[in-house]
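Structure first, then comments.
A short reminder: the numbers here are calculations on the coordinates, not readings from a lab. Quantities reported herein were computed from a predicted structural model and do not represent experimental measurements. Glycine also receives a Cβ, built like all others from the backbone with ideal geometry; neighbour counts cover every protein chain displayed.
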Amino acid sequence: MTKGKKIAMYVFLILASFISVFPLYWMVCAATNTSADVLRGRIIPGGNLLVNVKNLFAAQDIGTALGNSFKYSIVLTLISLVICSLAGYGFEIYHDKAKDAVMSVILLAMMVPFVATMIPLFQMFSKAGWLNSTIGFILPTISTPFLIMMFRQSARSFPHDIIEAARIDGLSEIRIFFQMFMPTMRSTYAAAMTITFMNAWNNYLWPKVIMTNAKSVTMPMVVANLTQGYVTDYGMLMLAVLICTLPTAIVFFCLQKSFAEGITGAVK
């Protein structure tokens with residue numbers, strides 16, 4: 001590669017990086033400015049952060065919303081990882097034509113939009129008394145076709161000779177899964193955890209339907225509440241968006257290497 005091409009490539013990458021990072025930078029700056037400054041397009045930090053924090057905590061129950069979001073997201077992530085990995089492992093390790101047919105039906109379910117099943121789900125959960133509950137939040141998305149497919153693809157790279165050797169040594173199938181498969185597929189679990197946690201944390205539509213109690217609100221619902229009314233305080237709104245964004249950003253940056261390895265199907 002010539003020197004001119006290298007310069008052009010670096011210039012392009014710098015511009016692309018700037019375009020990608022600028023919305024995050026603007027969000028942080030907007031959280032420190034007044035609503036009027038945000039509307040004027042001010043792109044440098046201001047001195048209104050403490051006022052926005054005070055107004056936000058006075059307007060919304062941020063502590064309850066954060067606690068609910070963490071509780072729902074963590075519980076859903078842990079249970080979903082176990083269920084989807086067991087399903088993916090079973091579909092591949094105990095493979096036959098019948099399981100291929102079932103897997104095809106599961107993948108076809110990805111084509112059904114959630115809004116098509118939302119009303120029947122609400123009626124079922126309402127009759128079961130699961131409104132404003134953790135089980136009501138997690139049950140519709142506790143198992144997803146995408147995660148099952150991802151774990152099944154990862155299980156294809158898992159050495160079957162190890163499984164046969166473990167069976168000969170007397171290990172039960174459940175011990176093979178928890179003691180051999182799970183540690184080997186750390187990168188896949190990291191990728192699945194990142195995806196599931198981010199989807200659960202950012203979920204708005206279903207919690208808005210199922211959580212009818214003010215004590216059950218989540219952070220996306222709080223952000224939506226701040227846009228209601230005749231006047232919107234954009235400084236306070238951007239501060240809420242920043243608080244809502246930080247947990248998912250931290251999870252992604254901490255697991256980005258394992259996430260990339262898990263998505264590509266790498267096995268350590």
From fewest to most C-beta neighbours within 10 Å, the residues Leu76, Leu242, Leu50 line up as Leu50, Leu242, Leu76
To the nearest 0.05, the calculated FRET efficiency linking His160 and Lys215 through their beta-carbon distance, R0 being 51 Å, is 0.55
For Cys244, Cys84, ascending order of other Cβ atoms within 10 Å (fewest first) is Cys244, Cys84
With the dipole of the stretch 60-267 defined by +1 on each Lys or Arg Cβ and -1 on each Asp or Glu Cβ, the option from Ser104, Val217, Gly170 whose Cα lies farthest towards the positive pole is Val217
Simple spin-label estimate for Val112/Phe252, 7 Å along Cα→Cβ, in nm, reads 3.0
The extension gain from Ile119 to Leu171, computed as 0.36 nm times the residue separation minus the Cα-Cα distance, is 14.2 nm
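Assuming 0.36 nm per residue, please report the length gained on full extension of the stretch Ala58 to Lys5 beyond their Cα-Cα distance. All intermediate terms of the calculation are to be shown ahead of the outcome.
Working: separation 53, 0.36 × 53 = 19.08 nm, distance 5.46 nm.
The Ala58-Lys5 span can extend by a further 13.6 nm.
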Most packed first (mean Cβ within 10 Å per residue), the peptides 138-151, 22-35 order as 138-151, 22-35
With label points set 7 Å from each Cα along the Cα-to-Cβ direction at Lys99 and Ser143, the distance between them in nm comes to 1.4
Extension length gain for Val51 and Ala36 (0.36 nm per residue less Cα distance), in nm, is 4.0 nm
Expressed as a percent, the portion of alpha-carbon pairs in the chain spaced more than 35 Å apart is 34
